[in-house]
Amino acid sequence: MRNARTNIEKSFRKGILILCMITIALMTITFNKGNNSNVSGLLVGLPIFIAGILGIIGSIHAIKGLKEKKNLKFVFALLINFGVVLIFLGLLLANIMDTAKLFK
């Protein structure tokens, strides 16, 4: 019989995946410093985009887990997931503002 995972554990796993995606993006940036191809841009942007989506899903699980017993996993999951969501929304807002400047 399989044990049911709590929302905190689900959020914690999403936080670990986010850190892996950010590490992949940073490694790609390091290895492709002189290369300005579209493929290297995709290899950096795709993990960052996936990290943003995982951050949103992990934040939802963290909010659902507010009533569960708090531990270090909860704090880690909360910080990572909400931090990524805030950064993701900030980048989205910055891109929207740049696009608005372009059409002025």
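In summary, THR23 fulfils each of the numbered conditions (1) exposed (fewer than 13 other Cβ atoms within 10 Å of the Cβ); (2) modelled with pLDDT under 90; (3) within 30 Å of ARG5 (Cβ to Cβ) with the single exception of condition (2). Test ILE96 against the stated conditions and say whether it is touching a Gly at 6+ places or on another chain (Cβ under 6 Å), of a type in the set (Val, Ile, Thr) and either part of a helix (DSSP H, G or I) or touching a residue at least 24 places away in the same chain (Cβ under 8 Å) (or both). The answer is no for ILE96. In region 25-49, what residues are assigned to a loop (DSSP other than H, G, I, E, B) and not charged (D, E, K, R)? Passing the criteria: ASN32, GLY34, ASN35, ASN36, SER37.
Scanning region 63-91 for residues that are small (Gly, Ala, Ser) and either without any contact (Cβ under 8 Å) to a residue 12 or more places away in the chain or under 15 Å from LEU17 (Cα atoms) (or both) gives ALA77, GLY83, GLY90. Restricting region 1-12 to residues that are surrounded by fewer than 13 Cβ atoms within 10 Å (Cβ to Cβ) and of a type outside the set (S, T, N, Q) leaves a set whose member that is modelled with the highest pLDDT is ARG5. The set of residues in region 30-62 that are under 9 Å from the mean Cα position of the chain (by Cα) and without any contact (Cβ under 8 Å) to a residue 24 or more places away in the chain comprises PHE49, ILE53. Determine, yes or no, whether GLY15 is in contact with a Lys or Arg (Cβ under 6 Å, 6 or more places away or on another chain), surrounded by 16 or more Cβ atoms within 10 Å (Cβ to Cβ) and modelled with pLDDT of 90 or more. The answer is no for GLY15. Selection of region 28-44 for residues being over 18 Å from VAL84 (Cβ atoms) and either exposed (fewer than 13 other Cβ atoms within 10 Å of the Cβ) or of a type outside the set (S, T, N, Q) (or both) yields THR30, PHE31, LYS33, GLY34, ASN35, ASN36, SER37, ASN38, VAL39, GLY41, LEU42, LEU43.
Is it the case that LYS69 is outside any helix (DSSP H, G or I) and under 18 Å from ASN7 (Cβ atoms)? In short, yes. The conditions of being in contact with a Leu (Cβ under 6 Å, 6 or more places away or on another chain) and at pLDDT below 90 are met by THR28. Quick check on ARG13: is it within 25 Å of PHE76 (Cβ to Cβ) and assigned to a loop (DSSP other than H, G, I, E, B)? No; evaluated as a whole, the condition is false for this residue.
The values are calculated or read from the model by the stated rules, or taken from the named source; none is laboratory data. All values derive from a computational prediction rather than experimental measurement. Methodologically, a virtual Cβ is constructed for each residue, glycine included, from the backbone with ideal geometry; neighbour enumeration extends over all protein chains shown.
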